[in-house]
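Q: I'd like to ask some things about the structure below.
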Amino acid sequence: MSEFGRSLRGLRLWFAPQRIREEGETPDYRFSLANERTFLAWLRTGLALVGGGFAVDQFLPDLRAGVRVGVALALLAAGALCALRAVNHWVRCERAMRRGEDLPVSRFPALLGLAVGLVAVAMVLAVVFGWTG
Amino acid sequence: MDRVTPVAGDEARDPGLQPERTRLAWRRTTLACTVAAVLAARQGLHEGLSGAGLPAAGLSLLVWLAFLGVAHRRIRELGPARPRPLGLGAAAAAAACTVALAAFGVGVVL
């Protein structure tokens with residue numbers, strides 16, 4: 001199944017939380033807590049991206065308006081996506097642990113890394129070519 | 001406040017201190033949320049106190065308080081030596097705070 005399809009299946013669990021508890025058996029509480037910490041780490045990543053979006057808009061007034069708004073919007077959208085995906089991945093990991101399956105793999109970290117790299121390159125270009133003012 | 005003395009009958013504490021580490025993770029995340037909310041409030045005030053500025057700042061304060069509430073409840077739940085797993089409601093609420101700040105940011109930036 002495609003990653004999108006698997007994500008959709010995970011999304012259905014959002015609205016039926018009791019179904020997670022019904023499946024399989026309760027894993028060792030330490031594994032659940034580790035999963036929770038991973039979820040929180042992703043949430044912090046999302047919050048950092050959102051904060052970065054605000055910071056770009058507030059602290060780079062010399063940047064040309066279009067570039068500034070574009071980069072800010074990209075960071076804000078990435079932050080929101082990161083938070084939503086954090087819940088989804090947490091649910092899928094929890095379910096996999098209950099069923100004794102392998103943990104889900106994801107290409108999201110790679111995509112996020114590429115996106116952050118692109119933003120960084122855009123900022124370098126903005127400085128080098130003086131897209132300011 | 002979150003130092004809960006183990007109730008009689010509780011099993012020995014996990015030597016890996018998993019509940020403790022999870023509590024600290026919630027604290028770090030609260031800190032990250034505080035920074036994002038402060039930046040959001042600053043953005044609102046930046047637009048000027050008249051018009052949309054003040055309600056915007058109030059909104060980010062509300063989001064921050066909501067996150068604080070979720071984190072506080074979870075930290076209290078992590079007191080016993082064998083805490084229950086995180087509930088879906090708390091996870092979704094914590095993520096919703098991030099999404100709300102981002103949506104608020106999109107509204108202000110545009």
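The values are calculated or read from the model by the stated rules, or taken from the named source; none is laboratory data. The shown structure was predicted, so the numbers you read here are calculated from the model rather than taken from an experiment. Cβ sites come from the backbone with ideal geometry, for glycine too, and all protein chains shown count toward neighbours. Keep in mind that these areas ignore ligands, DNA and RNA; they rest on the heavy atoms of the full protein, side chains included. Shrake-Rupley method; radii C 1.70, N 1.55, O 1.52, S 1.80 Å.
Q: When you scan segment A:75-105, how many residues do you find that are open to solvent by 40 Å² or more (accessible area, probe 1.4 Å) and more than 11 Å from chain B (Cβ to nearest Cβ)?
A: 6
Q: Consider B:V63 against the criteria (1) part of a helix (DSSP H, G or I); (2) open to solvent by 30 Å² or more (accessible area, probe 1.4 Å): it satisfies all of them except one. Which criterion is unmet?
A: With respect to (1) part of a helix (DSSP H, G or I); (2) open to solvent by 30 Å² or more (accessible area, probe 1.4 Å), B:V63 is out only on (2).
Q: Is it true that B:A81 is part of a helix (DSSP H, G or I), surrounded by 14 or more Cβ atoms within 10 Å (Cβ to Cβ) and either modelled with pLDDT under 85 or not charged (D, E, K, R) (or both)?
A: no
Q: Going by what's in this entry, would B:L68 be described as open to solvent by 80 Å² or more (accessible area, probe 1.4 Å) and assigned to a helix (DSSP H, G or I)? Steps first, please.
A: Working: open to solvent by 80 Å² or more (accessible area, probe 1.4 Å): no; assigned to a helix (DSSP H, G or I): yes.
No.
Q: Could I ask something else about it? Give A:A34, A:A55, A:A122 a once-over and let me know the one that is more than 17 Å from the chain's Cα centre (by Cα), at pLDDT below 90 and either among the acidic types (D, E) or part of a helix (DSSP H, G or I) (or both).
A: Values: A:A34 fails: at pLDDT below 90; A:A55 fails: at pLDDT below 90.
Going through A:A34, A:A55, A:A122 in turn, the sole match is A:A122.
Results for (1) farther than 21 Å from A:R37 by Cβ; (2) in contact (Cβ under 8 Å) with a residue 40 or more places away in the chain, shown as yes or no for each residue.
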position: A:L75; (1), (2): yes, yes
position: A:G79; (1), (2): no, no
position: A:C82; (1), (2): no, yes
position: A:A86; (1), (2): no, yes
position: A:H89; (1), (2): no, yes
position: A:E94; (1), (2): no, yes
position: A:M97; (1), (2): no, yes
position: A:P104; (1), (2): no, yes
position: A:R107; (1), (2): yes, yes
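Q: Please name all residue pairs, on different chains or six or more residues apart, with Cβ atoms under 9 Å, provided the first residue is in segment B:89-110 and is more than 7 Å from chain A (Cβ to nearest Cβ) and the second residue is polar (S, T, N, Q) and crowded, with 18+ Cβ neighbours inside 10 Å.
A: If the second residue must be polar (S, T, N, Q) and crowded, with 18+ Cβ neighbours inside 10 Å, the pairs left are B:A100/B:S60; B:F104/B:Q43; B:F104/B:S60; B:V108/B:Q43.
Q: Continuing with the same structure: Go through segment A:60-74 residue by residue and tally those that are of a type outside the set (D, E) and surrounded by fewer than 18 Cβ atoms within 10 Å (Cβ to Cβ). Please lay out each step first, then the result.
A: Residues of segment A:60-74 that are of a type outside the set (D, E), as a first pass: A:60-61, A:63-74.
Applying the additional criterion that residues be surrounded by fewer than 18 Cβ atoms within 10 Å (Cβ to Cβ) yields A:60-61, A:64-67, A:69-70.
Of the residues in that region, 8 qualify.
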